[in-house]
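The values are calculated or read from the model by the stated rules, or taken from the named source; none is laboratory data. Keep in mind that what you see is a predicted model, and the values were worked out from it rather than measured. Every residue, glycine as well, gets a Cβ built from its backbone with ideal geometry; the counts of neighbours run over all protein chains shown. Please note that ligands, DNA and RNA were not included when accessible areas were found on the heavy atoms of the full protein model with its side chains. Shrake-Rupley method; radii C 1.70, N 1.55, O 1.52, S 1.80 Å.
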Amino acid sequence: MNSILADSQRLRLHVMAWSLVGIMLGLLVQALLETSLTTSLVFAIPLGIIAAPISLSAGYVCRAIPLARTGALRLAMTALAAAVLTASLWAVLGQFWWDALGRLGFEVPADSQTQLFALLLGLGALSYLVAVTAHYAMQALEESMSAGRRALEAQVAERDAELRALRAQVDPHFLFNSLNSIAGLIPADRDKARLMCQMLGDFLRDSLTLGGEQRIPLAREVALAEQYLRVEQVRFGDRLTVRAAVTPGGTSVPVPPLILQPLVENAVRHGVATLIEGGEIRVEATITGPRLFVVVSNPFDPDSRRRGTGLGLENVRRRLAATFGERAAIAAEAAEGRYRVSLTIPVETEITS
């Protein structure tokens with residue numbers, strides 16, 4: 001379908017443009033053939049409106065000879081031939097209409113046929129060439145917008161693929177740490193190891209359910225982190241305490257699922273586990289303006305030689321970048337015996353599944 005017919009706004013503008021051509025034609029007829037303004041406009045305006053559907057053929061000509069794949073000579077000759085042919089048809093219709101006006105009682109010069117035909121042929125050909133140019137411009141705009149959409153779709157698909165790959169890394173990393181914890185507990189207390197396996201199964205079921213979503217409320221994400229830490233409390237007992245505090249209004253902020261999981265895992269493995277007396281893991285969230293700030297902190301032993309691979313922090317950093325771009329950030333620092341990881345997330349209200 002012609003792009004003008006497919007868009008009601010373009011169609012209205014198209015008819016209005018040809019109506020203006022009809023008014024211009026009426027003024028030319030009045031000046032050249034010395035007729036009254038009424039006769040000129042009654043002749044020219046309907047003829048301009050009739051030209052509107054005729055000129056739509058310019059769109060099909062443009063599709064038949066694409067600008068990028070057609071030589072300049074062939075392009076010019078084809079467009080000129082189409083313009084002359086269409087303008088000739090328009091001029092013949094104009095002459096019939098001119099004669100009809102004379103029979104209806106309008107004052108029309110008797111010897112004006114040749115001059116009128118030349119005027120209609122010249123103006124019609126010129127207008128048709130303008131229509132061809134406009135169709136080529138619309139075609140180029142549509143191709144540019146289509147290319148932009150394809151590029152955006154490819155970018156979104158690439159981002160989604162990266163997010164799926166990063167999300168898939170969470171489970172092996174988490175399972176490695178959890179199974180390692182259970183293995184360390186079995187020789188000391190098999191009952192606790194069994195309880196830990198049961199709680200771990202519940203946690204895995206909930207994490208798989210939430211992990212399939214694009215965003216979840218912060219309250220659910222913090223609850224999932226607390227659920228994991230309760231699993232670890234079976235092994236550590238009183239050595240591990242947990243405190244979670246979310247500012248009012250922050251509980252409903254959408255965040256990527258399991259975004260806190262690597263952070264609380266690291267807090268246990270590289271923080272509390274390195275201290276004989278253990279310590280408190282804190283998850284705190286506040287909102288300042290359009291941003292949510294989430295801080296996961298834990299005590300640590302600065303003399304401990306236990307070092308991780310950095311996979312957890314890197315995973316969080318890449319997931320934030322893939323989801324929010326430069327609007328999100330992650331920072332880590334050690335000060336006064338505590339290790340802090342801070343997340344900056346833009347506040348959005350919509351949660352998509």
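Do we find that residue 43 is open to solvent by 70 Å² or more (accessible area, probe 1.4 Å) and either in a helix (DSSP H, G or I) or in contact with a Ser or Thr (Cβ under 9 Å, 6 or more places away or on another chain) (or both) in this structure?
Working: open to solvent by 70 Å² or more (accessible area, probe 1.4 Å): no; either in a helix (DSSP H, G or I) or in contact with a Ser or Thr (Cβ under 9 Å, 6 or more places away or on another chain) (or both): yes.
It is false that residue 43 is open to solvent by 70 Å² or more (accessible area, probe 1.4 Å) and either in a helix (DSSP H, G or I) or in contact with a Ser or Thr (Cβ under 9 Å, 6 or more places away or on another chain) (or both).
Filter segment 207-240 for residues that are of a type in the set (S, T, N, Q) and touching a Leu at 6+ places or on another chain (Cβ under 9 Å); which is least open to solvent (accessible area, probe 1.4 Å)? I'd like the intermediate steps shown before the answer.
Narrowing segment 207-240 to residues of a type in the set (S, T, N, Q): 207, 209, 214, 227, 233.
Then keep just the ones that are touching a Leu at 6+ places or on another chain (Cβ under 9 Å); that gives 207, 214, 233.
Values: 207: 7, 214: 76, 233: 58 Å².
Looking at residues that are of a type in the set (S, T, N, Q) and touching a Leu at 6+ places or on another chain (Cβ under 9 Å), I get 207.
Consider residue 50 carefully, then state whether it is open to solvent by less than 80 Å² (accessible area, probe 1.4 Å), under 47 Å from the mean Cα position of the chain (by Cα) and closer than 25 Å to residue 117 by Cα.
yes
Could you run through segment 48-69 and say how many residues are free of Cβ contacts under 8 Å to residues at least 60 places away in the same chain and assigned to a helix (DSSP H, G or I)?
Qualifying residue count, segment 48-69: 11.
With respect to residue 327, is the statement that it is crowded, with 16+ Cβ neighbours inside 10 Å and in contact with a strand residue (DSSP E or B) (Cβ under 9 Å, 6 or more places away or on another chain) true?
Numbers: crowded, with 16+ Cβ neighbours inside 10 Å: no; in contact with a strand residue (DSSP E or B) (Cβ under 9 Å, 6 or more places away or on another chain): yes.
So residue 327 fails the test.
Which number in (1) in a loop (DSSP other than H, G, I, E, B); (2) within 28 Å of residue 233 (Cβ to Cβ); (3) of a type in the set (Asp, Glu) marks the one condition that residue 333 misses?
All conditions pass for residue 333, except number (1).
Looking at segment 248-255, is at least one residue within 30 Å of residue 290 (Cα to Cα), open to solvent by less than 10 Å² (accessible area, probe 1.4 Å) and either assigned to a loop (DSSP other than H, G, I, E, B) or at pLDDT below 85 (or both)?
Checking segment 248-255: at least one residue is within 30 Å of residue 290 (Cα to Cα), open to solvent by less than 10 Å² (accessible area, probe 1.4 Å) and either assigned to a loop (DSSP other than H, G, I, E, B) or at pLDDT below 85 (or both).
Filter segment 297-330 down to residues that are part of a strand (DSSP E or B) and either under 12 Å from residue 270 (Cβ atoms) or free of Cβ contacts under 8 Å to residues at least 12 places away in the same chain (or both), then give me how many there are. Reasoning before the result, please.
Going residue by residue through segment 297-330, those that are part of a strand (DSSP E or B) are 297-299, 329-330.
Narrowing the set further to residues that are either under 12 Å from residue 270 (Cβ atoms) or free of Cβ contacts under 8 Å to residues at least 12 places away in the same chain (or both) leaves 298-299.
So the answer is 2.
What is the number of the single condition among (1) under 22 Å from residue 328 (Cα atoms); (2) open to solvent by 10 Å² or more (accessible area, probe 1.4 Å); (3) of a type in the set (Ser, Thr, Tyr) that residue 297 does not meet?
Failing condition for residue 297: (2).
Which ones in segment 281-303 are at pLDDT below 95 and among the charged types (D, E, K, R)?
Passing the criteria: 291, 301, 303.
Quick test of your reading of the structure: residue 75 fulfils all but one of (1) closer than 30 Å to residue 144 by Cα; (2) of a type outside the set (Val, Ile, Thr); (3) open to solvent by 40 Å² or more (accessible area, probe 1.4 Å); (4) free of Cβ contacts under 8 Å to residues at least 12 places away in the same chain. Name the failing condition by number.
Result: residue 75 fails condition (3) only.
Those residues that are part of a helix (DSSP H, G or I), open to solvent by 80 Å² or more (accessible area, probe 1.4 Å) and closer than 19 Å to residue 116 by Cα, I need them from segment 3-36; list them, please. Explain how you work it out, then say what you get.
Here is the first cut: in segment 3-36, the residues part of a helix (DSSP H, G or I) are 8-33.
Add one more test, that the residue is open to solvent by 80 Å² or more (accessible area, probe 1.4 Å), and what stays is 9, 12-13, 16, 20, 24, 27, 32.
Correct list: 20, 24, 27, 32.
Here are some conditions: (1) part of a loop (DSSP other than H, G, I, E, B); (2) over 24 Å from residue 176 (Cβ atoms). Residue 238 meets all but one. Which one does it not meet?
Residue 238 satisfies all of (1) part of a loop (DSSP other than H, G, I, E, B); (2) over 24 Å from residue 176 (Cβ atoms) except (1).
Mind listing whichever residues of segment 68-116 are within 57 Å of the chain's Cα centre (by Cα), farther than 13 Å from residue 47 by Cβ and of a type in the set (S, T, N, Q)?
70, 78, 86, 88, 115
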